[in-house]
Amino acid sequence: MASTHQQNVIALNASMTNANAPIGIFDSGLGGLSVLRHIAAQLPKEHLLYFADSGFAPYGEKSTSWLIERSLAIADFFMQQNVKALVVACNTATAAAIKALRARYPDLVLIGVEPGLKPAAALTHSKIIGVLATECTLSSEKFTQLRKQISAASQVTFLPQACIGLADQVEKGELNSPATIALLQTYIAPLIQQGADTLVLGCTHYPFLQTLIEEIAQQHQGKNQPAIHIVDTGASVARHLTRLLIENNLQRDHDARIKLEAYTSGNKTVLEDAFLTLLQLHPPVTAI
Ligand code: DGL
């Protein structure tokens, strides 16, 4: 998967001028599909390549240096496919590695994802917001800075909740199992009891549990209370990508057939099934 940096710089120069080149998207596993679905909808003429690092998931409790090394290796892989843009569709990898990725590929259109604290601050009435994310995301410097900045600007209180094991439930396809419900009960109940009226989905796996999260939050909120707001940033990431492609003159404008291909470091059938069940898509999947 790795290549020399020099080869990649050559690949980058070639792809930077090519609006027809694909966009790379990766996550620790299946979570990034919750971002890909918005990108595919907003940019229907773009070629998309998806990499699920399911063989190494979850990322949530890995060390920062491991996450940096892994993210760079995946970026190198995408550069060999001549991508014109890269979306780190993983909050955990973004928090740990976006700086290192920008340093290695300073000219690449590169987008990360982070928990939507700002949109949540605009929605809350109680001024208390629960943030569901991985341990690594919540303990990162990047999240700490963002939290400080948004709380100072909007006087809201954030309640960070590390959801250990939750991304794994999505990886296993357990979107509504008793074990998933039990985990969500444990994580959500204390947030609502402390007055949160808004929950941020700070991990790209969690949008696939959104209906369940809403139901559980509402149970604890009480029947006649206003609905809990749920914040997912997938659509705004896709908008951001669109803007950057336009600014860099990189938007593909061909009517010729578009391409969607997927790669996994885990089980090929699992990714094929996830595409079909979660997005009703069936791209060719290669296990690497
Ligand atoms: N989907 C990832 C995120 O957004 C990470 C989940 C995991 O692998 O722990 O943080």
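Every number here is computed from the coordinates shown, using simple stated rules; none is lab data. Everything numeric in this text was worked out from a predicted model, so none of it was measured. Every residue, glycine among them, receives a Cβ derived from its backbone with ideal geometry; neighbour counts consider all protein chains shown.
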If you take every residue apart from Asn248 with its C-beta less than 11 Å away from the C-beta of Asn248, what net charge results, scoring Lys and Arg +1 and Asp and Glu -1? 0
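If a/c stays under 1.5 just call it rounded; otherwise compare a/b with b/c (prolate if a/b is bigger, oblate if not). Do that for region 176-288, with a ≥ b ≥ c from the square roots of the Cα gyration tensor eigenvalues. Don't skip to the answer; put the middle values down first.
Details: a/c = 3.11, a/b = 1.63, b/c = 1.91.
In terms of gyration-tensor shape, oblate.
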Dividing the surface of the Cα convex hull of the chain by four yields a projected area in nm² of 14.5 nm²
Once exposed loop trypsin sites (Lys or Arg not before Pro) are cut out (DSSP; at most 10 other Cβ, 10 Å), longest piece of the chain: 1-222
So for Asp232, Asp53, fewest C-beta neighbours within 10 Å to most, what's the order? Asp232, Asp53
FRET efficiency estimate (nearest 0.05) - Cβ-Cβ, Leu123 to Leu276, R0 41 angstrom: 0.80
How charged is the neighbourhood of Pro22? Take every other residue with its Cβ under 10 Å from the Cβ of Pro22, and add Lys/Arg as +1 and Asp/Glu as -1. +1
Top positive-direction residue, dipole computed over the chain with Cβ charges, set Ile23, Leu110, Tyr59: Leu110
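Set the bar at 18 Å for Cα to Cα. Now go through Lys84/Lys118; Lys127/Lys148; Lys127/Lys223 and name every pair that lies beyond it.
On the way: Lys84/Lys118 28 Å; Lys127/Lys148 15 Å; Lys127/Lys223 20 Å.
Checking Cα-Cα distances, Lys84/Lys118; Lys127/Lys223 exceed 18 Å.
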If each of Ile164 and Asp255 carries a label point 7 Å out from its Cα toward its Cβ, how far apart are those two points in nm? 5.6 nm
In whole Hz, with x marking every Gly and Pro, tabulate ³J(HN,Hα) for region 106-115 from phi via Karplus 6.51 cos²θ - 1.76 cosθ + 1.60, θ = phi - 60°. x, 9, 7, 6, 10, 10, x, 10, 9, x
Pull out the extension gain between Gln185 and Thr144, defined as 0.36 nm times the separation in residues minus the alpha carbon to alpha carbon distance; nm, one decimal. 12.2 nm
If you put +1 on each Lys and Arg Cβ and -1 on each Asp and Glu Cβ, how big is the dipole of region 170-288 around its Cα centre, in Debye rounded to 20? 120 debye
Among Thr233, Thr124, Thr134, whose mean-square fluctuation peaks in a Gaussian network model of the chain (Cα, cutoff 10 Å)? Thr124
Amide H contacts under 5 Å for Gly29, placed H, 5+ residues apart: Asp53
Dipole check, region 141-185, charges on Cβ (K,R +1; D,E -1), about Cα centroid: among Cys163, Thr144, Gly173 the Cα furthest to the positive pole belongs to Thr144
